[in-house]
1. Would you confirm whether any residue within the range 129-139 is without any contact (Cβ under 8 Å) to a residue 40 or more places away in the chain and either in the same structural domain as Tyr254 (by TED's automatic domain parsing) or assigned to a helix (DSSP H, G or I) (or both)?
2. Looking only at the range 108-143, how many residues end up being more than 16 Å from the ligand (Cβ to nearest atom) and open to solvent by 20 Å² or more (accessible area, probe 1.4 Å)?
3. I'd like to check something: does the range 297-311 contain any residue that is within 11 Å of the ligand (Cβ to nearest atom), under 22 Å from Thr265 (Cα atoms), modelled with pLDDT of 95 or more and among the hydroxyl-bearing types (Ser, Thr, Tyr)?
4. Consider the range 279-292. How many of its residues are part of a helix (DSSP H, G or I) and within 13 Å of the ligand (Cβ to nearest atom)?
5. If I ask for residues that are assigned to a loop (DSSP other than H, G, I, E, B), within 14 Å of the ligand (Cβ to nearest atom) and open to solvent by 40 Å² or more (accessible area, probe 1.4 Å), which ones from the range 144-162 would you list?
6. Need pairs with beta-carbon distance below 9 Å; first residue farther than 17 Å from Gly327 by Cα and within the range 69-85, second open to solvent by 70 Å² or more (accessible area, probe 1.4 Å) and part of a helix (DSSP H, G or I); sequence gap 6+ or separate chains.
7. So how many residues does the range 262-278 have that are open to solvent by 10 Å² or more (accessible area, probe 1.4 Å) and either more than 16 Å from the ligand (Cβ to nearest atom) or not in a loop (DSSP other than H, G, I, E, B) (or both)?
Amino acid sequence: MTYQNYSLKQLQQIDAAHHLHPFTDHKELREAGSRIITHANGPFIYDADGTEILDGMAGLWCVNVGYGRDELAEAAYTQMKELPYYNSFFKCSTPTPVLLSKKLAELAPRGVSQVFYGSSGSEANDTALRLVRHYWALEGKPEKNRIISRKMGYHGSTIAGTSLGGMEPMHKQLGGAVPNIVHVMMPYAYELALPGESDHDFGLRAAKAVEDAILEAGADKVAAFIGEPVMGAGGVKIPPMSYWPEVQRICRKYDVLLMLDEVITGYGRTGEWFAAQTFGIEPDTITTAKALTSGYQPLSALLVGDRIAATLVEKGGEFYHGYTYSGHPVACAVALKNLEIIEREGLVDRVKNDTGPYFAQALQERIAGHNLVGEVRSIGLMGAIEIVKDKATKERYLPSGSAAVVVRDHAIAQGMMLRATGDTMILSPPLIWTRETIDMACERIAKALDLAEVDLRKR
Ligand SMILES: Cc1ncc(COP(=O)(O)O)c(C=O)c1O
């Protein structure tokens, strides 16, 4: 039975009766009723009322090739008929993860040529955490197991992901984190740069926090540093260009592994295949998921550097880790086709040379001047709008986080899906957006800001 046999109201009632949503205040949602999205095409999603909404978030940072791609559906269908599932345990493999591993090794930054699969970014980060600690144990340094991460970092929602991440409200619900993970300052110049401090200097100071944490623990106790190249869920916080090369220099100096979480930035979002290339660094692990399949199938790939892989292979024996769906043949078939589409349509280059710069300029020219906007920033097709009460002093509306939600609700009513996180609006559209789509988005966001200002000034 398909959903067409149910009215919108019935679907909402059943949803409220049985469905526990992720990251949701269940009581609030059940009172309001959920928005049921029924179909999508290109850059647009449609709800059960038939309302067309421009998707400024590519689903949840993932639908990079846009919706309605027959080729991806056909890749899944063909693979399902041929071999819907077989595992990669018991010394077996199936063709699609084999071929996808080769492709990922070709695309990955230098020194990274091995792949471990899961179904989600959280799982991939669990794998990464286990792997780096296992690596040091195999190297005869089991006490070198501390991980340095950042406040407000997001690395997923499992116990390991939450522990690695730096989201305090999540930690409070954890009932005990994975031990030996510490969190240092984030490279967020808008709020944390000192008066008169240049972007460059701020980047170096934020990197110094990593060195301080290494020295405090002792380098012989620190396994790795993990970070998102651009903090996504924490508010599209784009570090100064000085930050990552300095973090890499520090990690190398103390023989600390560099783990990049590219679950959002991987596969073109910043105008290169990986943000490691955008920031000019060579990490030891790269966590990827989301846009690997453009969200058409759940799949994650932890890209593993050759240094770690060599130890794992030569000294490791059996690594007691893996998932039923590691290297799922259907998900890998879809990923292969998705990467082919991204390449064929030149989407990564387009972000770098056309839509990325145009997006940055449009945000600056059409959004930054609004009374409610403290700052706009973007990199590739990933952007943020800081919502403030007072542009000059950067004062926010209280309670914290309440103003961005007002903007978001007006934006959705204007046919524009974007996300509010804290006091920041975030955007991460499909890479198929054109200049015309960017124009449409800016028009709708500007209107939403105008309407939100009327509401907020009444407070
Ligand atoms: C940087 C980062 N890492 C990890 C994750 C977790 O991925 P998943 O939700 O697929 O477990 C996310 C999800 O948004 C993410 O943004």
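1. Step one: filter the range 129-139 for residues without any contact (Cβ under 8 Å) to a residue 40 or more places away in the chain, giving 137.
In the following step, the residues that additionally are either in the same structural domain as Tyr254 (by TED's automatic domain parsing) or assigned to a helix (DSSP H, G or I) (or both) were identified as 137.
Checked the range 129-139: at least one residue is without any contact (Cβ under 8 Å) to a residue 40 or more places away in the chain and either in the same structural domain as Tyr254 (by TED's automatic domain parsing) or assigned to a helix (DSSP H, G or I) (or both).
2. Of the residues in the range 108-143, the ones more than 16 Å from the ligand (Cβ to nearest atom) are 108-115, 133-143.
From what is left, the residues that are open to solvent by 20 Å² or more (accessible area, probe 1.4 Å) are 110-111, 113-115, 133-134, 137-143.
Of the residues in that region, 14 qualify.
3. Yes - at least one qualifying residue is present in the range 297-311.
4. The first filter runs over the range 279-292 and keeps only residues part of a helix (DSSP H, G or I), leaving 279, 290-292.
Those still in the list that are within 13 Å of the ligand (Cβ to nearest atom) too: 290-292.
Residues meeting the conditions: 3.
5. Within the range 144-162, Met152, Tyr154, Ser157, Thr158 meet the criteria.
6. Listed pairs, sorted by first residue: Glu71/Glu340.
7. 4
Matching residues to (1) touching a strand residue (DSSP E or B) at 6+ places or on another chain (Cβ under 6 Å); (2) aliphatic (A, V, I, L, M); (3) closer than 18 Å to Gly68 by Cβ:
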| residue | (1), (2), (3) |
| --- | --- |
| Leu8 | no, yes, no |
| Gln13 | no, no, no |
| Ala16 | no, yes, no |
| Pro22 | no, no, no |
| Asp25 | no, no, no |
| Ser34 | no, no, no |
| Ile45 | yes, yes, yes |
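The values are calculated or read from the model by the stated rules, or taken from the named source; none is laboratory data. Everything quoted here is computed from the prediction, not taken from an experiment. Backbone-built Cβ (ideal geometry, glycine too); neighbour counts: all protein chains shown. Note: areas computed on protein heavy atoms with side chains; ligands, DNA, RNA excluded. Shrake-Rupley method; radii C 1.70, N 1.55, O 1.52, S 1.80 Å.
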